[in-house]
Structures are given as C-alpha cells and as structure tokens.
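The values are calculated or read from the model by the stated rules, or taken from the named source; none is laboratory data. All values derive from a computational prediction rather than experimental measurement. Quick reminder, even Gly has a Cβ in these numbers, built from the backbone with ideal geometry, and neighbours come from all protein chains shown.
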Amino acid sequence: MGIESSCDETAAAVVRADGEVLANVVASQMALHAKYGGVVPELASREHLRNIVPVVRAAMAEAGVGFDNLDAIAVTEGPGLAGALLVGITYAKALALALGKPLIAVNHLEGHIHAVLMENTGNRKQVTGNSLGPLLALVVSGGHTHLYLCTHISDTRCGAPDSKPTHDDETVMDGAPGSWQYRNVGRTVDDAAGEAFDKVAKLLGLGYPGGPWMDALARSGNPRTVEFRFGQIKARRGKVEKESPCAQHFDFSFSGIKTAVLRYIQAHGMAAGVEARRRALAEALKANPALRPADAVREMPEVFDRQTLDLIASFQYAVVGNLMRQTFAAAEALGARGIVVSGGVSANSELRRRFAEEAARRGLRVEFPSLAMSTDNAAMIAAAAWGKFCAGEFAKEGLVATPGLKLGSI
Ligand code: KG4
Ligand code: ZN
C-alpha cells in the first residue's frame, strides 16, 4: 500500500508486485485552495486529516484485498509541506505497527519517476536495465523542476511470495527489482516550471491551477508572437572536477519569464481585460465548478482575446523549449539512453509532443506517465517502494516528515 499526503492530494493505492494497480484513490483539495490562488498549508493539513481514513478504506475496498494481504506500507517522507506529510506518516506508522507489516519511506520525487517505470512494465527491456547506460529523469511539477541521472545498480530479482511474473523476461515490476541510484544534475534556481504556469495564469485572470488552462488556451494562440529569452544561469561547481561531464549541471530559472509576462501585460494595457476575464471566469466557475478549461475556451470565446492567446502560446512555447534544451543537453552530455518526464507539468500536451519529436530525431526513447499518474498519487509511492522492500530498506520507528528531503547525490 502506498500513502501520499505531501501537498494538496490525500492519496492511497494498492499496487501488486507485478506493477498492476489494484486501486489508486486520490482526494483532491484543489477546489478548496482555488479561491486562495494557491495551496494554504494549514488548510491542507486539516483536509488530509479529514480524508486519510476514508481514502485508505476506499482504496482497500476498490482493491478487494484485506489488510492481511498487504506486504508493506509505503509513505511519502518528503519533500513537501511539513504538516501535510505528518498526517500521512503518522497514519502509515500506526497502520504498519497495528498490522505488524514493514513501513517504507519514499521520496516523493522518486515516486514521480517510478510512476513512469511502473507503467512501462510491458516494455521494460527498452526502458530500464543497466547495460545500456543510465536514464535521465525530468521531474517537473508545481514544486519541482529537477533533472536526475538514474542508474539501475543491481538486478536482484524479487517477487512477492504470491506474485507471478507476467512478462517474458520474468520481471515483476519495471524499475522495481534491485535498487536505483540518483544523481541530481539540474534543478530550478528559483520558481518551478509549474509554479510559473500557475503564476502567469493568475496574472492573466485564469483559473487555478493554471497549467491546464494555459495548455488549453495555448492551442488557439500563435507561439511566435512574443519572444521570451532565458538567460544563462551561473554554473554550479560540483565536488567533481569541472572538466568532467559528470560535474556539469543543467539548471533552470523561471522567475524571469514570469516578470517578463507581467511587464508585457502592463506595457500593452491589458489590465482591464484581465480583470474582466477574472470576473467572468469566477462567475462561470461558480455556476459550474466542474467547468474544464477546454469547455470555457469553447463556450466563452469572447473572454479570450487574440493578444492574450498569443501571449499564452508564446509563454508555453518558451518554457517547453527551455525544459527541452536543458534535458536533451544533459542526456547527451551524460550519456543517457532514455528520458523519463514526470510530474504535473508532464501532462502538458505541447511538452509531450515536442519532447517526443526531439527524442525521435535524436534516436532516444522518451516516456511519460499516463495523465492520471502525472499528478500526485499514491500508486507511484508504492511503485518506488517495491525495490526498497526487496532490498529490506525499511523505515525506522522514529521516521519523521522531512519537508526539504533531497533525492540522491549532487
Ligand atoms: O505533480 P503535481 O500534481 O504537484 C506537485 O508536486 O507540485 O503538479 C501540479 C502542477 C501545477 O503547477 C499545475 O499547474 C501543473 O502541474 N500542471 C500543468 C498541466 N497540468 C498540471 N502544467 C502545464 N500543463 C498542464 N497540462
Ligand atoms: Zn508531485
């Protein structure tokens, strides 16, 4: 069982050793935080507390298994909001103790990477393995924009006592047997990419979270209208010698483009239009809280003027281009033979299309999670825990929430 409560989603999942997801329940608090335009930590903790028991019960019922059938309880240790993490950890500890099952602590970012590996069980040989070189993972969400070089360090086969291999190569779960080692080779020095999407959407009077709105609206705009530039980021010096490609870092910065959008809005007298849009969308969302961005675009065309659509398309084109440049440069410099992109922003349709085109051009493989696995969920936490279960890496009784938890070495 996986349990996730690091931000604004309370989630529980039951995943089999072969990667089959028996249940993946997510209680989203999006509507609660939407009126504040961002996640309010205290409200998030309170909602987790309210949701955790029903969410775990729902996952067990959906999976159709009893608590005795579980091999272990896995929980997100960090990074995330302290109070939010604490709810999941306290619940998971209590459950593990009561059931006499092992507890496994999982890094949320490792979870995002394993969302993709888990879903690739069927073509594992092409996605994982250590003979052909490491994988490069871009984790891009509202809180993170990180690049990791992922190496599969051992090939210990491990199956749950009652699990049957479902694939020809006897692999029980993609990425699960053996352990993975991670090296951080890039990160944002200021805002995360998803944060930039959300902030720019807010500047333009769109709904929350902004990413899906920007994605839907960018389709109707011309990406060549506004040219956004990304400055060079001062190189980080690793412990390794700077000449070695291993010491190279591929960092990101998204706060500059957010400011550039703000200036554009001011310089082009767009403030009144933004205010009118904010009011119109607030009304429409009040009447229909389930209003999706694509529906709004279709049903309220008068709210989205050409200048705004072109600005959105140009912003998205620039952000995706920057994510691509850094990711492919890192993959080439570090000899990665495949790329994994995950996290909320990996749901972006332009990002998927352009990454796939560029990877095909370079003869590289690129994999994304399904849309449901892109954003926060607990199946990815259970998936990342399986390798640790096999290796006997269990959490200590004193496990605490670690809001600033890092993944791997630098
Ligand atoms: O992974 P996630 O659910 O939570 C974090 O760990 O942050 O990611 C949420 C982020 C938000 O910033 C949201 O705006 C962004 O992912 N997002 C998108 C899209 N769908 C979600 N950004 C761009 N395009 C999308 N289609
Ligand atoms: Zn996340």
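Here are the numbers for the structure shown:
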quantity: Odd one out for Ala44 among (1) within 16 Å of ligand 2 (Cβ to nearest atom); (2) without any contact (Cβ under 8 Å) to a residue 12 or more places away in the chain; (3) among the small types (Gly, Ala, Ser); calculated: (2)
quantity: Contacts under 9 angstrom Cβ, first residue in the range 347-371 being surrounded by fewer than 17 Cβ atoms within 10 Å (Cβ to Cβ) and among the aliphatic types (A, V, I, L, M), partner in a loop (DSSP other than H, G, I, E, B) and modelled with pLDDT of 95 or more, 6 or more apart; calculated: Ala356/Phe368
quantity: Test result for Ala82, within 30 Å of Trp213 (Cβ to Cβ) and either surrounded by 19 or more Cβ atoms within 10 Å (Cβ to Cβ) or more than 21 Å from the chain's Cα centre (by Cα) (or both); calculated: no
quantity: Wholly within the range 288-380, helices (runs of 4 or more DSSP H) carrying at least 1 residues that are at pLDDT 95 or above and in contact with a His (Cβ under 8 Å, 6 or more places away or on another chain); calculated: 306-334
quantity: Options Asp295, Asp376: the member that is among the charged types (D, E, K, R) and buried (at least 24 other Cβ atoms within 10 Å of the Cβ); calculated: Asp376
quantity: Cross-chain or 6+ apart pairs with Cβ under 9 Å, the range 1-20 first and assigned to a strand (DSSP E or B) and within 16 Å of ligand 2 (Cβ to nearest atom), then at pLDDT 95 or above and basic (Lys, Arg); calculated: Thr10/Arg50; Ala12/Arg57
quantity: Search result, residues across the range 379-396 that are surrounded by fewer than 24 Cβ atoms within 10 Å (Cβ to Cβ) and of a type in the set (Phe, Trp, Tyr); calculated: Phe389, Phe394
quantity: Residue among Val65, Val53 that alone is surrounded by fewer than 17 Cβ atoms within 10 Å (Cβ to Cβ), away from ligand 2 (no atom under 15 Å from the Cβ), assigned to a helix (DSSP H, G or I) and touching a residue at least 24 places away in the same chain (Cβ under 8 Å); calculated: Val53
quantity: Residue pairs meeting the criteria (Cβ under 7 Å; at least 6 apart or on separate chains; first within 23 Å of Gly343 (Cα to Cα), in the range 77-95; second among the hydroxyl-bearing types (Ser, Thr, Tyr) and more than 15 Å from ligand 1 (Cβ to nearest atom)); calculated: Glu77/Thr402; Gly78/Thr402; Gly83/Ser45; Ala84/Ser45; Val87/Ser45
quantity: Qualifying residue in the range 30-53 (condition: hydrophobic (A, V, I, L, M, F, W, C) and in contact with a strand residue (DSSP E or B) (Cβ under 7 Å, 6 or more places away or on another chain)); calculated: yes
quantity: Residue count, the range 21-41 (criterion: within 16 Å of ligand 2 (Cβ to nearest atom) and outside any helix (DSSP H, G or I)); calculated: 7
